[in-house]
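Visitor: Below is a structure I'd like to ask you about.
The values are calculated or read from the model by the stated rules, or taken from the named source; none is laboratory data. If you're wondering where the values come from, they're calculated on a predicted model, not measured in any experiment. Quick reminder, even Gly has a Cβ in these numbers, built from the backbone with ideal geometry, and neighbours come from all protein chains shown. Please note that ligands, DNA and RNA were not included when accessible areas were found on the heavy atoms of the full protein model with its side chains. Shrake-Rupley method; radii C 1.70, N 1.55, O 1.52, S 1.80 Å.
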Amino acid sequence: MSPYAMSMLMSSLAMGTIITLSSSHWFLAWMGLEINTLAIIPLMTKMHHPRATESATKYFLTQATASALLLFSAAMNAWMTGEWTIVDMNSYIPTTILTIALAIKLGIAPFHPWLPDVLQGLDMMTCLILSTWQKLAPMALLILTSHQLNTSLLTLMALASAIIGGWGALNQTQMRKIMAYSSIAHLGWMTLVISFAPGLALLNLTIYLMMTSSMFVMLMALNATNMNKLSISWLKTPTLTASMMTGLLSLGGLPPLSGFLPKWLILQEMTKHHLGALSTVMALSALLSLFFYLRLSYMISMTSPPNISNANLAWRKKNNLSLINPILIVLSTMLMPITPMLLM
């Protein structure tokens, strides 16, 4: 792709998200989401492969459906209340339609099936954008309207996301699908707490973005798209592979890594609201996710593939890692010491 076209598309992506984040009017927010969707579709199809075209088509159809529902809920709310502002969603039907629209946009269960299929057909860089940047605008709208949304519906979707996100990745071997199910599970935790403490949902989103970004950057550096490629990566880049193992355990929420911090605070918040049974189910669903992260960590660090080299070290190419990679790895694994500051 031409550098000019790429810079224009990346600028449009940034502009779409910024328009949505800074708007107080539903029409402007919808316009930002549309710019976002239309800017990423050429990035998806730049590989000129049938799978990439299929992914772009699926993504366009699901996002168009979600945008139509969002505009419909905003128009219905304006018809009922005479207000187009984002924070004035007081009627039951428009808020329910809005919740469904944003759930489709984000890939929250039960509206999740498009996400693993779409990610599987894309290159790693587009997967990174889709899993991180594209979550910002819908999540911002969800946080802005969280005090008016149906808490029972959000809780049900959160439970379904956490369970499906853990269960769905158990039999996957492709890294992009595993990261898609990981995204679904993390979105479940954010959706659960968003009605009770939007600040905690924002913290969870921030840590999720850092962990997922560092994971995709490491996968790009190792050129690993499935578990078999990952299992021989320690021969080529042992330091990066050790960092990836730590990153995977952080994604699984194992203490004392960064991923444990939001889960701990969310479970604490749930027990304050006397939702002990719900907290227990969510904690048990996190064990499903932890199982496949542990399996990946085991494959990376403790298994030797049958086609291992006879030499002590395999041929190592020069790593073209940028400065951002070590920063992301540190942030995605070592944020636990800031917990007292957050609790204050």
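Visitor: Return the single residue from ALA101, ALA66, ALA78 with maximal mean-square fluctuation; model: Gaussian network over the chain, springs between Cα atoms under 10 Å.
Guide: Among ALA101, ALA66, ALA78, the largest GNM mean-square fluctuation belongs to ALA78.
Visitor: May I pose another question? Find the lysine pairs in the chain meeting two conditions, Cα atoms under 22 Å apart and a separation of 8 or more places or different chains, and report how many there are.
Guide: Eligible lysine pairs with Cα atoms under 22 Å apart amount to 16.
Visitor: Go ahead and run the numbers for FRET between LEU284 and ILE327, Cβ-Cβ distance against an R0 of 35 Å, rounding to 0.05. Don't skip to the end; give the middle numbers.
Guide: Values: r = 34 Å, r/R0 = 0.96.
The computed FRET efficiency comes out at 0.55.
Visitor: Taking the full set of protein chains and a 1.4 angstrom probe, give the accessible area of TRP189 in square angstrom, rounded to the nearest 10.
Guide: Estimated to the nearest 10 Å², TRP189 gives 10 Å².
Visitor: Hey, another quick one. Given springs between every Cα pair under 10 Å in a Gaussian network model of the chain, which of ILE207, ILE324, ILE164 has the largest fluctuation?
Guide: Answer for the Gaussian network model of the chain: ILE324.
Visitor: Still on this structure, please answer the following. Hey, rough spin-label estimate for ILE338 and TYR298, points 7 angstrom out along Cα→Cβ, what's it come to in nanometres?
Guide: 3.3 nm
Visitor: Return the long-range amide H neighbours of ASN226 (sequence gap of 5 or more, or a different chain), with a cut-off of under 5 Å between placed amide H atoms.
Guide: MET175
Visitor: Keeping every protein chain in place, order ARG176, ARG51 by accessible area at 1.4 Å, biggest value first, i.e. largest first.
Guide: Values: ARG176 35, ARG51 90 Å².
Descending order: ARG51, ARG176.
Visitor: OK, next. Rounded to a whole number, what % of the accessible area of the chain do carbon and sulfur atoms account for, probe 1.4 Å?
Guide: On the way: 10680 of 15140 Å².
About 71 percent, which is the carbon plus sulfur part of the accessible surface.
Visitor: Over region 3-343, average the accessible area per residue using a 1.4 Å probe and give it in Å², no decimals.
Guide: 43 Å²
Visitor: Then there's this: Can you compute log10 of I(q)/I(0) for the chain with the Debye formula, treating each Cα as one identical point scatterer, at q = 0.06, 0.07, 0.10, 0.15 Å⁻¹?
Guide: Results for the chain at q = 0.06, 0.07, 0.10, 0.15 Å⁻¹ read -0.22, -0.29, -0.60, -1.32.
Visitor: Just to verify a number: FRET efficiency for HIS48 and HIS147, C-beta to C-beta distance, R0 = 51 Å, to 0.05?
Guide: Rounded to the nearest 0.05, the efficiency is 0.65.
Visitor: How high is the FRET efficiency from THR81 to ALA242, r the C-beta distance, R0 51 Å, rounded to 0.05?
Guide: Given R0 = 51 Å and the Cβ-Cβ separation, E is 0.35.
Visitor: Over the heavy atoms of MET124, what accessible area does a 1.4 Å probe trace out, to the nearest 10 Å²?
Guide: 20 Å²
Visitor: Okay, helix-only estimate at 222 nm for the chain: each DSSP H run of n ≥ 4 adds -39500 (n - 2.57), divide by all residues, round to 500 deg cm²/dmol; what do you get?
Guide: Result for the chain: -24000 deg cm²/dmol, rounded to the nearest 500.
Visitor: Can you pull the one-decimal nm distance between simple spin-label points at MET125 and ASN228, each 7 Å off the Cα toward Cβ?
Guide: 2.7 nm
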